[in-house]
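The values are calculated or read from the model by the stated rules, or taken from the named source; none is laboratory data. These numbers come from a predicted model, not from an experiment. Here the Cβ positions follow ideal geometry from the backbone for every residue, glycine too, while neighbour counts run over all protein chains shown.
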Amino acid sequence: MSLFKKVQSLFGSAPDVSSPAPQKPVASSDAETPVPGKKVEPQGGGLEGVRHIVAVGSGKGGVGKSTITLNLALALAAQGLKVGVLDADVYGPSQQHLTNAPRPELSGEDRLIPPEYEGVKIISVAMFSNVNQAQVLRGPMATQLLRQFLTQVNWGDLDYLLIDLPPGTGDIQLSLAQMAPLSGAVLITTPQEMSIIDVRKAVSMFKTLNVPMLGVIENMSYFICDSCDKKHYIFRKGGGARLAAELGLPLLAEIPLDPRVVETSDEGKAVMVSMPSSDAAREFTKAAKTISDGLALQQKSGDGGLGYFLLEWK
C-alpha cells in the first residue's frame, strides 16, 4: 500500500467540510513506541539531503508556535536557503491552514512530493483529513505517521527542515529526537510566567534527549496602538529575556502583538510575505540570521559540541 493510501486510511478521504465523515474506530498498531536510550532506525531515505533539522517547541499550546515556525522558514528562505516545514502536531495541525497548501503528490508507491508555499516545502496531517475531523490516534500510530513524514516524503536537498512540534513533552517529541538527527531546538514563549513554566519543562526534555537549544523567541511581546507609538506590555515585560539569560541562550526575537498578523495568517498569508517591512517580519529576519549563523558555527566546529558551547556562552 502506498504512503498516500496508508495516511488516508487513518483519516478517511477528506470529504467536503460541510459534511464531515464519521470517524472510524482506531485499531491498535504494530508501530514501535520509542523508549529512552533505544535508537529507532528510520525506514527509507527522505532525509539524506537535509543539512539541518531544527525543532520548534514551547511545551504548551497557544503561544503562536506554528505561525513562528512558518515565518522563520520564510525568513531562512529569504537568505537564499532551501527550507521545509514538517507539521508534527498530529492532533492539532496548523500549517495547512496557514499556507492553504494543497495535498502532496505521489511519486511511486512510497514517496510523497510535498507542496510548496513561497518556495518552502510543507507537509501536514491536515492535508489528508477534513478540517473538522479529529485525529483520533493512539501514540504508536502517531509515531508511525511521524516516521513516514520524515523518511517517506521526498524532501530533496534542504538546508533546513523545521519541525513544528505539538504542545507537551510526549511521544511525538521523544520519537522525533530518536528518529532524526536534530541540529537543535528553538524555544517559543510569551512573556508571562505561566508560559515560561511550561517552556522550562520543554528545556528539561531537550536536555534529557541531548538536543542543543539554539535560542528563545518571545511572542506577543508588546502591542502598539494605532494612536500612539508607545509599547504596551499586555502579558508583562521581559519574560523571554529572563528565560534566555537563565539558560545562557540568545534571545532571538521579540515578536510584537499585531492584529494584522492574525488576519493575514487566517487568510493563508504569512507576515513575511504580506508585510515584509513590518516590525514582526524584521524580528523573524533577525532570528533566522542568528540561527543560521549559530548552526554554521556549530558545523564548522566538526562534531557540533564546540559550536554549541560558543553559541550558548558568547
Every listed condition ((1) touching a residue at least 40 places away in the same chain (Cβ under 8 Å); (2) among the β-branched types (Val, Ile, Thr); (3) crowded, with 19+ Cβ neighbours inside 10 Å) holds for VAL216 save (1)
Of the residues in segment 207-220, those that are hydrophobic (A, V, I, L, M, F, W, C) and assigned to a strand (DSSP E or B) come to MET213, LEU214, VAL216, ILE217
Reported set for segment 221-249 where residues are under 21 Å from the mean Cα position of the chain (by Cα), under 15 Å from VAL199 (Cα atoms) and not in a helix (DSSP H, G or I) is LEU249
Considering segment 175-189, residues that are under 24 Å from GLY248 (Cα atoms) and either hydrophobic (A, V, I, L, M, F, W, C) or out of contact with any helix residue (DSSP H, G or I) (no Cβ under 8 Å at 6 or more places or on another chain) (or both), and then whichever is modelled with the lowest pLDDT, we arrive at ALA177
Only one of SER292, SER274, SER221 is closer than 22 Å to GLY59 by Cβ, surrounded by 14 or more Cβ atoms within 10 Å (Cβ to Cβ) and of a type in the set (Ser, Thr, Tyr), namely SER221
Selection over segment 63-83 where residues are over 19 Å from SER277 (Cα atoms), surrounded by fewer than 24 Cβ atoms within 10 Å (Cβ to Cβ) and not aliphatic (A, V, I, L, M) yields a count of 2
The residue that is nearest to PRO276 (Cα to Cα), considering only those in segment 48-62 that are touching a helix residue (DSSP H, G or I) at 6+ places or on another chain (Cβ under 6 Å) and at pLDDT 85 or above, is VAL56
Going through segment 47-82 in order, the residues found to be at negative phi and either without any contact (Cβ under 8 Å) to a residue 24 or more places away in the chain or hydroxyl-bearing (Ser, Thr, Tyr) (or both) are GLU48, SER58, SER66, THR67, THR69
Note to self: Condition check: under 22 Å from LEU165 (Cβ atoms) and either outside any loop (DSSP other than H, G, I, E, B) or of a type in the set (Phe, Trp, Tyr) (or both). Does MET194 satisfy that?
What the structure shows: yes
